[in-house]
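Input: a single structure, listed below in structure tokens.
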2 protein chains.
Amino acid sequence: MASTLRDVARLAGVSVKTVSNVVNGYPHVSPDVRRRVEAAVAELHYRPNASARNLRTGRTGVLALVLPTTDLPYAGDLARAVVHAAAQQGYRVVVAHEDQPTSSGLHDARMIPVDGVLVGAPVTPGEVGRAVAATGPPVVLIGSAPPDQRCDRVSIDVAQAAEDATNHLLRAGRRRIAAIGERPAVSPHPGTPGYHRALRRAGLAPVPGRLLPAQHHRRADGYRAARELLVGPDRPDAILCSSDPLAIGAMRAAFDVGLRVPDDVAVIGIGDIEEGRYSRPTLSTVAVDTGFLAREAVARLAVRIGQPDAALADIVAPHTVLPRESTDATPR
Amino acid sequence: MASTLRDVARLAGVSVKTVSNVVNGYPHVSPDVRRRVEAAVAELHYRPNASARNLRTGRTGVLALVLPTTDLPYAGDLARAVVHAAAQQGYRVVVAHEDQPTSSGLHDARMIPVDGVLVGAPVTPGEVGRAVAATGPPVVLIGSAPPDQRCDRVSIDVAQAAEDATNHLLRAGRRRIAAIGERPAVSPHPGTPGYHRALRRAGLAPVPGRLLPAQHHRRADGYRAARELLVGPDRPDAILCSSDPLAIGAMRAAFDVGLRVPDDVAVIGIGDIEEGRYSRPTLSTVAVDTGFLAREAVARLAVRIGQPDAALADIVAPHTVLPRESTDATPR
DNA sequence: GTGAAAGCGCTAACAT
DNA sequence: ATGTTAGCGCTTTCAC
């Protein structure tokens, strides 16, 4: 059986309060008593019961990060950054992997005793609404979530990123620019307005057939969509992908149908995953500042935990276009 | 403030016990009362307090999966599989991302109230020992952990996988086979014996300079090590990498020094990450059955949670060599 | 500096 | 079928 404070107190010949003081580093304990207590703790392999502590204090020191199980472009980087940022503020982090885009991963995460939840997975507005309405740990949206009037959000400007990427392709001389990334399942892809804006400013009319949906951010989705674009009539000379894995799949599709990247078709993604620095060709992309995302989101969450009624924040993280080989050639 | 069972009971005009019954789906509740209680629950946005429940019952229904923050080859697949397998058994899963190989990630995970811990990150034997000695949730090693006398383990036979991969290279006609993956920081790489065994059986003497260490399983580590091998004297005609990310980095290094894969140097990894199916060339690898790993590990853990004194198990998961383009050519 | 006692929200016995 | 009560392990007043 696990030993309790009482067991330790009995063995050390002191009261539970004193043991509690020692365990929690309370300063006013005589050195002699401290030593006795520490010896007893070691002997009994005492470990404080987190649930009891949490029940009493109302706080856990843990944040949950909800991430999709299907590749989120920069999920690994984001998780790393969040763990780091949270540690700075004295929080530990658990990652809850959400099964399906529309599942109750958020709901599940809120069944785990945590002080706050960072939602990096695509969730429906309805889910967010329910989570915010219900009493329970506060929620902060992180990454590329659509704006929400009911909770804090730290995110990149996806439309702006798409516009910048499209402009990069235009500057490289491309004119027949396709896009992969509309996700009708959850919500219209938020990058589309930026893509259209860039085209219009260049005097180009958006062609409906050049905007293809992808179910998830997986290489296979990019492959499928790109192949469809590249073997069809009116072949594009560039493809904007709403995430790097989609772009990796698109590059492979081009290769498989006998086209060269970037000579025949340029490809650009969003996310700057490490894979794109080692692919052939290396992948042009829009880098997201995951450190910024993580720091700001954790900071917002920490504030809201302390002050549930603080004003809502909507923070935009910076991004940068990173030109690499996959967009580096001028078209024929 | 969050509402409690008492609040709900008061509003519904029943006792706390009845509310508890309704919330937990206890069958013997009259339909009328059930409706009243459910209405009260909804009105007050009641959510059960997980900590109180856990304190009372001694169980959480949650398993922790400890994973390294630095790329574990197939971490994503494994996490997905574990979440799925755990759900089948009625457990939720939280992932704890361990900061450094030798950090106290395991210790941290055990400070989160969970029923059991799956350790997929490289941990030192000392850590495992402490975790097992201390009272607390049981631990099962999963993935490619070295054998341990003190706790259950479900893992692939890393030495056998290395031997099989080396044999694949030998069959492809390679003779000067190098290996990347020794990690002196934590422990000697467990694949090395298999690599040596295969060489010896082919009548080849292991060349010490052809075994290079990698700090982590990152592409950059593979790049660095491979580059060193490929620009040095006595250039190898094949490289066995102990993980796929290392192999991806190695392929890029070959390309950067003007060598062709597989013509000049063959490359094979271990793990079968999706990236290797889209790389150029596609990456030969040893596929690990993550579904098996996850199912067996969760099953073992579930058993041990119920019976702390059950006999220790050491289960070996199957693996398969997957020949792809990166080892497909005969040497010059 | 240390001890005694109350109570966080919940479930499990037991009672009705 | 529903109500009453004790207590899980801890922290936190409040005494001393």
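At a glance:
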| item | result |
| --- | --- |
| Separation of the B:Q149 and A:A42 label points, Cα + 7 Å toward Cβ, nm | 2.3 nm |
| Karplus-derived HN-Hα couplings along segment B:42-59 (A = 6.51, B = -1.76, C = 1.60, θ = phi - 60°), whole Hz, x at Gly and Pro | 5, 4, 8, 6, 5, 10, x, 7, 4, 5, 5, 4, 5, 4, 6, 8, x, 9 |
| Placed amide H near A:V154: partners under 5 Å, 5+ positions off or other chain | A:L141, A:I142, A:G143, A:I315 |
| Chain A - mean residue ellipticity at 222 nm from DSSP helices (-39,500 (n - 2.57) per run, n ≥ 4, rounded to 500) | -12000 deg cm²/dmol |
| Chain A - share of DSSP beta bridges that are antiparallel (%, nearest 5) | 10 percent |
| For segment A:5-44, the fraction of alpha-carbon pairs in successive 5 Å shells from zero, as % | 6, 32, 41, 19, 3 |
| HN-Hα J in Hz across segment A:24-29 - Karplus 6.51, -1.76, 1.60, θ = phi - 60°, x for Gly and Pro | 8, x, 5, x, 7, 10 |
| Sparsely packed trypsin sites (Lys or Arg not before Pro) within segment B:214-243, loop by DSSP, other Cβ within 10 Å at most 10 | none |
| Amide H contacts of B:L65 (H built 1.01 Å from N, under 5 Å, at least 5 apart or other chain) | B:V94, B:V95, B:A96, B:L118 |
| Descending principal axes extents, the protein assembly as shown, alpha-carbon based, whole Å | 77, 67, 50 |
| Largest to smallest principal axis extent of the C-alpha atoms in segment B:1-99, angstrom | 56, 29, 24 |
| 3J(HN,Hα) from dihedral phi, segment B:304-312, Karplus parametrisation 6.51/-1.76/1.60, rounded to Hz, x for glycine, proline | 5, 4, x, 10, x, 9, 4, 5, 5 |
| Highest-fluctuation residue, B:R171, B:R59, B:R47 considered, GNM on chain B with Cα pairs under 10 Å | B:R47 |
| B:I180 long-range amide H proximity, modeled H, under 5 Å | B:L212, B:L240, B:C241, B:S242 |
| P(r) of segment A:282-330 over all Cα-Cα pairs, binned every 5 Å from zero, in whole percent | 5, 18, 18, 15, 11, 10, 8, 6, 5, 3, 1 |
| Shape parameters for segment A:184-328, alpha-carbon atoms, Rg then Dmax in Å | 17.7, 58 |
| Stokes-Einstein D in µm²/s, Kirkwood radius over Cα pairs - chain A at 25 °C with 0.890 mPa s viscosity | 111 µm²/s |
| Other protein chain Cβ atoms within 10 Å, averaged over every residue that makes up A:47-57 | 6 |
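Values quoted throughout were computed directly from the atomic coordinates according to the rules given, and no laboratory measurement underlies them. The structure displayed is predicted, hence computed values, not measured ones. Note that each Cβ is placed from the backbone with ideal geometry, even for glycine, and that neighbours are counted across all protein chains shown.
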